[in-house]
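Asks: Next up is a structure, given as structure tokens.
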């Protein structure tokens, strides 16, 4: 298994997903818990993204001791990509993409102590809750006996 630092677009999707799941804003599908208490306004999104990038970088550096020297760790700071979902009220229109981005991010953070960190565990719980929510809304699930 090799891991890498995910791109800003993936982290942006995870951050926006956390914002959409924020219970102060009604919550995604009514009950998926947010992993990070992030708000849509102000610098909250950028700070959350930088926190996620740092955790991903820690995992890469644990796996590859020479990650900085070999260019595996980006020199530029995390920057939010253009919002895909903010103007549409969150990622509810494409939960599959939101979950895929979250799963990708989690997979790239599995080395070292990152897996045991509270933030990682909270993101895992959020992904599990999303799976239940997505499957529960799927016509094939509803049609099954």
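What follows draws every value from the coordinates through simple rules; no lab data is involved. Values in this document were obtained by computation on a predicted structure and should not be read as measured data. As a convention, Cβ positions derive from the backbone with ideal geometry for all residues, glycine included, and neighbour counts pool all protein chains shown.
Asks: Of the listed peptides 59-72, 94-107, what is their order by residue-averaged count of other C-beta atoms within 10 Å, with the highest listed first?
Replies: 94-107, 59-72
Asks: So, in nm, how far is label residue 2 from label residue 47 when the simple model puts each one 7 Å beyond its Cα toward the Cβ?
Replies: Here the answer is 3.6 nm between the modelled labels.
Asks: How long is the gain from residue 125 to residue 138 if the chain were fully straight, where each residue apart is worth 0.36 nm and the alpha carbon distance is subtracted? Intermediate values should be presented prior to the final figure.
Replies: Numbers: separation 13, 0.36 × 13 = 4.68 nm, distance 2.02 nm.
Residue separation times 0.36 nm, minus the Cα-Cα distance, leaves 2.7 nm.
Asks: Continuing with the same structure: Between residue 103 and residue 65, how many nm apart are label points set 7 Å from Cα along the C-beta direction?
Replies: It is 3.4 nm.
Asks: Multiply the residue gap between residue 115 and residue 96 by 0.36 nm, knock off their C-alpha separation, and tell me the result in nm, one decimal place.
Replies: Gain on extension, residue 115 to residue 96, equals 4.5 nm.
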